[in-house]
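Here the structure comes first, spelled out in structure tokens, and everything after it is commentary.
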Amino acid sequence: MSIINEGKIQELMILQTSRSEVREILQKGEEMRGLDLDDCAKLLSIQDSELLEMLFASAKKVKIAIYGPRIVLFAPLYCSNFCVNNCEYCAFHVRNQAPRKKLTLDEVKEQAEILEAMGHKRLLLEFGEHPIENPIDYVVDVIKTIYATKKGQGEIRRVNVNIAATTVENYRRLKEAGIGTYQLFQETYHKPTYKKMHHGPKADYERQITALLKAFEAGIDDLGIGVLFGLYDFRFEVLSLVQYAQFMDKILGVGPHTISVPRFQSAHTVNIDLKYQVSDQDFLKLIAILRLAVPYTGMIISTREKPEIRRQAFAVGISQASAASKTQPGGYSQNGKQTAEGQFNLNDHRSLDEVVEDICSLGYLPSFCTSCYRTGRTGDYFMKLAKSGKIHKLCQPNALLTFKEYLLDYASAKTKKIGEQTIMNQLNLIKVEPAKKRLAEYLKRIEQGERDLYF
């Protein structure tokens, strides 16, 4: 199946643009109907600082119009680093002789309780590819264990999953277990680079690029895509992501629910010399272009990035972020110590509370919302709301409600103070009086001890 037209993309990568063309493309982008590949290629050629600022301003307008000021927070939970692949960029590759770890279900419960005690409500589960150590039975049991783990006011309300490409039957089992988004990165859409970087079952490019079609066939309609920036020319990867998103929208009727933008980070036994490392400026540029090109998608940034870059990325398109992450199985009970078992090195080591406080200080709204999954607002239903900009009317009140829970149950005194002011500021921006009145009522009920109220 020909999904990515490499020849066309290579031709587009040499396109240049004029100042007037940039203005026209940005105006088109602000209409929130997306951009075509030619538009994206021209924006990728921008080097002028004034034009970059214009690009960033347009991306911010679109992000706010669709998703508002909210930043959805989550944590990854690495369940097993057993893996049969030997990928060049990942410390879980088989040539890493460091001890391997697979969480028992009791350990999964312990990790979930620790994350709940921080205030997290949604997790992304990570597993290495290993048919014996990480079979689908184990993945499903982990999901069920997490949903059943509730301590005090804490609970994980939505589990998203990142496992290796698998069968329709296995995807059906994930769906039955109640996952939210199924996330699978292509890592690089450039076939020669893909071949160079992968050894083992994951080296099958076609298996990887068609896996989401199988997941959709199994009934999973919230799908997350991404690449690992730095393996190949970021311009090629951005155009490929856009082309793949357009393919999904056309064939499945549902574009990507999320696009992740991780940049390569070294780790134990991972020290490849990359000629395509992405600068901070180009990183922010590609985020802004993806926001304009695929305006309806949630965009995810991880703790691979330094706090300052994350702050800047929030302003140009990012709507979801991990916080207080650990990248090794059992990492949340190791007192913050990073071991050779970690998949990659981190650049943001702040606690969830510190991240929440920082988000508020920037004028954004931290969100722990999971209501869409539990009210059936997934797939094409969600896309219709997102593409029309109407999802914001649901996201904003639900973000406020979940943030109120966090402030009451987990926040430090300093974070609670700035957080309460954030809630007041955001509540005052709601102009529809019946909705504002209902939201104020729900907030009061949460103060009185109720939890998990949502629109």
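Points worth noting:
- Check on residue 381, within 28 Å of residue 455 (Cβ to Cβ) and in a loop (DSSP other than H, G, I, E, B): no
- Filtered residue count, segment 245-260, keeping only those that are among the charged types (D, E, K, R) and within 20 Å of the chain's Cα centre (by Cα): 1
- Single condition residue 389 does not satisfy, out of (1) more than 23 Å from the chain's Cα centre (by Cα); (2) modelled with pLDDT under 90: (1)
- Set 339, 370, 378: member being in contact with a Cys (Cβ under 9 Å, 6 or more places away or on another chain) and at pLDDT below 95: 378
- Test: residue in segment 205-223 that is at pLDDT 95 or above, assigned by TED's automatic domain parsing to the domain that holds residue 127 and more than 30 Å from residue 144 (Cα to Cα): yes
- Failed condition for residue 151, given (1) modelled with pLDDT of 95 or more; (2) surrounded by fewer than 22 Cβ atoms within 10 Å (Cβ to Cβ): (1)
- Residues that are closer than 17 Å to residue 201 by Cβ and of a type in the set (A, V, I, L, M, F, W, C) within segment 127-144 comprise 127, 132, 136, 139, listed in sequence order.
- Identity of the residue in segment 240-285, of a type in the set (A, V, I, L, M) and assigned to a loop (DSSP other than H, G, I, E, B), that ends up surrounded by the most Cβ atoms within 10 Å (Cβ to Cβ): 261
- Scanning segment 59-88 for residues that are crowded, with 24+ Cβ neighbours inside 10 Å and over 20 Å from the mean Cα position of the chain (by Cα) yields a total of 2.
- In segment 10-37, residue surrounded by the fewest Cβ atoms within 10 Å (Cβ to Cβ) [restricted to those that are among the small types (Gly, Ala, Ser) and in a helix (DSSP H, G or I)]: 20
- Scanning segment 204-212 turns up one or more residues that are touching a residue at least 60 places away in the same chain (Cβ under 8 Å), of a type in the set (A, V, I, L, M) and surrounded by 21 or more Cβ atoms within 10 Å (Cβ to Cβ).
- Boolean, residue 408 is assigned to a helix (DSSP H, G or I) and buried (at least 17 other Cβ atoms within 10 Å of the Cβ): no
- Options 165, 112: the member that is at pLDDT 95 or above and assigned to a loop (DSSP other than H, G, I, E, B): 165
- Number of residues in segment 176-203 that are buried (at least 20 other Cβ atoms within 10 Å of the Cβ) and either among the polar types (S, T, N, Q) or over 30 Å from residue 382 (Cα atoms) (or both) equals 9.
- Those residues of segment 352-405 which are buried (at least 17 other Cβ atoms within 10 Å of the Cβ) and charged (D, E, K, R), in sequence order: 353, 354, 357, 358, 377, 387, 404, 405
- On the stretch given as segment 183-218, residues that are touching a Cys at 6+ places or on another chain (Cβ under 8 Å) and assigned to a helix (DSSP H, G or I) total 2.
The values are calculated or read from the model by the stated rules, or taken from the named source; none is laboratory data. Since we're looking at a predicted model, the values are computed, not measured. Glycine gets a Cβ as well: all are built from the backbone with ideal geometry, and neighbour counts include every protein chain shown.
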